[in-house]
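A.B. asks: Questions regarding the structure given below will be posed in turn.
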Amino acid sequence: MAKKYLLVAILLLAFGLRVHNLEVQSFWNDEGNSARLSERTIPLIIEGTASDIHPPLYYLLLNQWRKLVGDSEFGLRSLSLFAGLFTVPLTFVLAKNLNAKARRRGGQRKGWLLGWLAALLLAINPAMVYYSQEARMYALLGLWAVLATVLLLRWLSMISNPLVVNGNRRWLWGGAYVLCAAAGLYTHYFFPAVLLVHNVFILIKIIQSPSKPFNINNLPLTIKHWPLLMLTTLLLYAPWLPIFLDQFGSDPVSRPGIGEFGTAVSHFLTFGQTVEVEAGLLWLVFALLGLGLVYGRTKLILPLLGVIVPLGMMFATGTTEAEFHKFLMVAAPFWLIWLAAAFTYTNQRGLRLLVSICLLVLSWGMMQSLQNMYTDPTYTRADYRGMASRILAEDHPNAGVILNAANQWEAFTYYFPDDGNVYPLPEGRSRPNPDEIDATLSQIAAQHGRLYAIFWGEAQRDPERLIERWLDAHAFKATDEWYGDVRFVTYAIPSAPATEMATAVSLPFGESITLNGYTLGETRLRPGDIVEVTLFWETAVPLQTRYKVFLHLLDANGNLVSQRDSEPGGGLALTTTWQPGDVMLDNHGLLIPTDLPSGNYELLLGLYDQANPADRLSITSPDGETNAFFLARVTVVE
């Protein structure tokens, strides 16, 4: 009875860690895709996933799940929560049953111990918890991997047990395995790695089987029945097989060194992606794996295959970057069983005590990672909820929203109503074309007085930053902030671009830079409006220092009430790229706070060293030297 209570306690711990803060963070891009795709009808889900990078089963299950629990963040993520939770007892069963012969010889206690310890490590494993809190298919992928392996072992025990004379039981477990394997294939395109693990394991078992004279009647039942199970699985997957084959492209494969890759995945499988640990802890992990291998030996054939084969497949296909580590949900349970084996199979008391201390240290690292996942802003997901709430709160009467990657639309519009003013650019998965972007953005800007731009994945989607360059040249950037790994930018759209100087000043900034003049937009504004400033710069010599422009808005008492700091051209026209004699047009916007009282305010301009904000360039004006030039008086009215 105590054994069951211990397993229940582990399950309660796993549930608590997975349900904690489940709804706190916003959906990010891929979760938004899950939310939007799963709300479609079943035929449309199948049609949509046929052109997606994932097969349909997860979305079909989520479609039914949301009917039971609703479409809130908590509700949609809870499917992954329970998938991750059920993986814990299945890992216990898998570890306990790894070596059936040892159990029959009185080694049952070690089987239970290995199961408990593996389940406990899985319960607190940061990567498993992380993907149990995400409305994606990776927790379900891990569940299918463990369940299929448990069913495989159960089927093997039926096949190899001469006392089992009821063939129906063999076919029952074999049929359950086939259904689970097919479910895995319909959940993610990496699941073939699990089937490869199983096939290699079966091959090893056949080689290890007692040799008899070669005769069709003497062939092990494994050889007779296993190809039939694989063929049935393939037949169930046949309708989707052409789509699966289309996933293989001809892009060049880039791989890191084996050592670098091994270190990265060891960190992920043990500590997740929400903590940076000392190299010593990773050496501790490797030492425990080595001990498990030395003392576990053949008992660890299946866990070894469950780790090495998926890693080998990732390395062979070039899916080695950190963004693909989530595929290793299929390997994490095997990895943790391997770690647990270092304690379970070690017979020396002193060594077992040392292993216990090492496992406690690793558990401390896992808990640090979980703490970061729950509380550290560095590791938060992209906050589309926060960005949408901000736009709605500002309530601009004529605002548009530009998404520089089309696949942001699903996550953003989960929180923000698309009334024809949300523009994913470019459409589809293509990169932007300069001529098309110019025409499209010109048309969009003509319809709006303010644009919000949400930039994500620019290195892949818009490496030349064509969208941002156009906006910086034709609009006035007022804010530029990070919401997780997504950048949120606010632009004021002028009625006409300021290509001519309204005020000539010819002010020296430092020894080489000259402000030839400037043009201001309206200076009588309401709270929430944006001050529009166009600066005309020139340098006499090439510059070696990157300078930032600052705009400060001061009240009558000299208090700073709003500011905007940015390198020229919205950060895309660095001073180190200026050519002597060329005039640089530089647009800036300054947001008037929504709670700013009415009154008169002073707008000041200056430059400072980007590496040392306290080092402002001196400005030589008719009134003497200063480090902040008075541009204009701004009047804020209700």
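None of the figures in this text is laboratory data; all of them are computed from the coordinates on show. Please read all numbers here as calculations on a predicted model, not as lab measurements. Every residue, glycine among them, receives a Cβ derived from its backbone with ideal geometry; neighbour counts consider all protein chains shown.
A.B. asks: Please state the shape class of region 394-437: rounded when a/c is under 1.5, otherwise prolate if a/b exceeds b/c and oblate if not, all from the C-alpha gyration tensor.
C.D. replies: The shape class here is oblate.
A.B. asks: Further question: Quick one: what Rg and Dmax do you get for region 549-638 from the alpha carbons, in Å?
C.D. replies: When restricted to Cα atoms, region 549-638 yields Rg and Dmax of 14.5, 44 Å.
A.B. asks: When the scattering of the chain is computed by the Debye formula from its Cα atoms alone, each counted once and equally, what is log10 I(q)/I(0) at q = 0.05, 0.11 Å⁻¹?
C.D. replies: The calculated log intensity ratios at q = 0.05, 0.11 Å⁻¹ are -0.32, -1.09.
A.B. asks: Moving on. Find the percent of Cα-Cα distances in region 463-564 that exceed 22 Å, and round it to a whole number.
C.D. replies: Everything past 22 Å amounts to 45 percent.
A.B. asks: Treating cross-link reach as a plain straight distance, find the aspartates and glutamates whose alpha-carbon is under 14 Å from the alpha-carbon of Lys477, omitting any fewer than eight places away in the same chain.
C.D. replies: Counting by Cα, and skipping residues close in sequence, Lys477 has these aspartates and glutamates nearby: Glu468, Asp529, Glu532, Asp565, Glu567, Asp586.
A.B. asks: Dipole magnitude of the chain about its Cα centre, charges +1 at Lys/Arg Cβ and -1 at Asp/Glu Cβ only, in debye to the nearest 20?
C.D. replies: With Lys and Arg at +1 and Asp and Glu at -1, about 6240 debye.
A.B. asks: In terms of the Cα gyration tensor, with a ≥ b ≥ c the square roots of its eigenvalues, is region 574-616 rounded because a/c is under 1.5, prolate because a/b exceeds b/c, or oblate?
C.D. replies: Verdict is prolate for region 574-616.
A.B. asks: Right, here's the next one. What number in nm² do you get for region 320-384 if you take the convex hull of its Cα atoms and divide its surface by four?
C.D. replies: Over every viewing direction, the Cα hull of region 320-384 projects on average to 6.1 nm².
A.B. asks: From the P(r) of region 425-480, could you give the percentage of C-alpha pairs in the tail past 19 Å?
C.D. replies: When all Cα pairs of region 425-480 are counted, 24 percent exceed 19 Å.
A.B. asks: OK, next. Using alpha carbon centroids, what distance separates region 496-566 and region 580-604, in Å?
C.D. replies: Centre-to-centre distance over Cα atoms comes out at 6 Å.
A.B. asks: Using only Cα atoms, tell me the angle between helix 57-69 and the longest principal axis of the chain; keep it within 0 to 90° and round to the nearest 10.
C.D. replies: It works out to around 80 degrees.
A.B. asks: Another question, if that's okay. Starting from region 240-343, pick out the GluC sites (Glu not before Pro) whose DSSP state is loop and whose Cβ has at most 16 other Cβ atoms within 10 Å.
C.D. replies: Taking region 240-343 and a limit of 16 other Cβ atoms within 10 Å, the loop GluC sites (Glu not before Pro) found are Glu276, Glu278, Glu321.
A.B. asks: With Rg and the Kirkwood Rh both taken from Cα atoms, where does Rg over Rh land for region 15-106?
C.D. replies: Using Cα coordinates only, the ratio equals 1.15.
A.B. asks: The chain: longest stretch without exposed chymotrypsin sites (Phe, Trp or Tyr not before Pro) (DSSP loop, at most 11 other Cβ within 10 Å), sites themselves excluded?
C.D. replies: That would be 249-638.
A.B. asks: Next question. Report the rotationally averaged projected area of region 281-418 based on its alpha-carbon convex hull, in square nanometres.
C.D. replies: On the way: hull surface 47.1 nm².
Mean projected area of the Cα convex hull: 11.8 nm².
A.B. asks: Any idea what angle helix 108-124 forms with the longest principal axis of the chain, computed on alpha-carbon atoms, 0 to 90 degrees, nearest 10?
C.D. replies: 10 degrees
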